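**Q** Sharing a structure with you now.
Every number here is computed from the coordinates shown, using simple stated rules; none is lab data. This one's a predicted model, so the numbers in the text were calculated from it and none came from an experiment.
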Amino acid sequence: MAKLTGPACRAARALLGWSMRDLAREAGVSLPTVQAIEAGGDYRASTGEKITDAFTTNRVEITNGNGTGARLLLD
């Protein structure tokens, strides 16, 4: 599993058209937690899993290639 970074989180949200509040609701975390992650703050592994699971459920994958990012998974 790729590491969730602030830029990857923003990219994934953009693919889904989600606000930070939308992500917080979908992942079951607080809005300040999403804000902190996107600002480059530290987070618990369980929090990262909740967020990446919310993206995965909605067909977006966090990636680590030449840099971190996100991609939409197609059928």
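**Q** Can you tell me the equivalent ellipsoid semi-axes for the chain? Use √(5λ) from the Cα gyration tensor, largest first, whole Å.
**A** Largest first, the chain gives 17, 14, 11 Å.
**Q** With an 8 Å Cα cut-off and a minimum separation of 6 or more residues, compute the relative contact order for region 6-72 in percent.
**A** 42 percent
**Q** Around THR63, which amide H atoms from residues at least 5 apart in sequence, or from another chain, sit under 5 Å from its own amide H, with H modelled in the peptide plane?
**A** Counting only residues 5 or more places away or on other chains, the set is GLY69, ALA70, ARG71.
**Q** Applying the Karplus parametrisation 6.51 cos²θ - 1.76 cosθ + 1.60 with θ = phi - 60° to the phi angles of region 5-21, what ³J(HN,Hα) value in whole Hz is obtained for each residue in order, glycine and proline being reported as x?
**A** Along region 5-21, the couplings run 10, x, x, 5, 5, 4, 5, 5, 4, 4, 4, 8, x, 8, 7, 4, 5 Hz.
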